[in-house]
Each structure stands twice: as structure tokens, then as C-alpha cells.
1. With the crude spin-label approximation of a point 7 Å out along Cα→Cβ, what separation in nm comes out for residue 88 versus residue 44?
2. Report the extension gain between residue 36 and residue 70 in nm, rounded to one decimal, defined as 0.36 nm multiplied by the number of residues separating them, less their alpha carbon distance.
3. At R0 = 30 Å, how high is the FRET efficiency between residue 28 and residue 63 if r is their beta carbon distance? Nearest 0.05 is fine.
4. Along the charge dipole of region 21-98, pointing to its positive end and built from +1/-1 on Cβ of Lys, Arg, Asp and Glu, which listed residue (23, 38, 60) has its Cα farthest out?
5. What is the gain in length, in nm to one decimal, between residue 53 and residue 78 on full extension, counting 0.36 nm per residue of separation less the C-alpha to C-alpha distance?
Amino acid sequence: MKKIIFSLVVIGIISLSANDTVVYDCARPLKPSSLQDSRDVQRYNSAVDNYKTCVDTFLVKRKEAISAERENISKAIEDWNGFVAEANKKTESQKFTGSTGVPLGGSHTVGKSDSSKITTGFKF
């Protein structure tokens, strides 16, 4: 559950910042009332081509930005999951040691075991 919440937060933050970087501002060409003159047809066709180029360029840039966002999201999630896994490993290893870091049932003295120096790890 924590992974999902963290992922959604990261996606939201990155999406907000990415939306400011690529703005769609392509203007549709206006079709003249009549296309009787060949120059009007050429101008209109040129405007349509420019519009298509603008839309295509926007889409390419957005796809690149989305790809970069996904990569950054994956890195953030991987980093977080690694951090959590590392923290859980440390927590697991500490569960089996006493308060002095000695494994339960063991002794921190060398040689003869002294029961007064064995810790249980329990705190009352």
C-alpha cells in the first residue's frame, strides 16, 4: 500500500512539472470561403501542412516527455523500494539481537558465559 501511495504522489508531482514544459499551441488553419484561385488552394494546403507539422512535433515532444517521466518515476520507485527493503533487512536483523547487539541467547563475553550479561532484547 505504501508503494502505491508513494507512486501516485511521485506521478502527480512529476506530471505537474511536466505539464508546464510542453504546451500545445497549434492553430487550426482557416479554410477560405472559396478555393477558386490556385494561390488560395496553395496557401490553404500550406497552412494545413504547417498545422500537421505542429501537431506532429507536439506529439513527439509529449511522447519524449512522457517517456522521461516514466523513467524518472521508475527510478524514484526503485530507489524508494530499495530504501524500504534495506530498512526492513536492518529491522529483521535487529529482531534477533539483544539491546547490546548480541544474538539472543549469546554472550558478549569471551570464554565462559556469564548469564548476568546475556540480554533478551525485551524491554519492560
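Only the coordinates and a few stated rules stand behind these numbers; no lab work does. Everything quoted here is computed from the prediction, not taken from an experiment. Backbone-built Cβ (ideal geometry, glycine too); neighbour counts: all protein chains shown.
1. Output for this residue pair reads 6.4 nm.
2. Values: separation 34, 0.36 × 34 = 12.24 nm, distance 4.95 nm.
Working it through step by step, the gained length comes to 7.3 nm.
3. Efficiency for this residue pair is about 0.90.
4. Toward the positive end, the furthest listed residue is 38.
5. Length difference between fully extended and current span is 5.3 nm.
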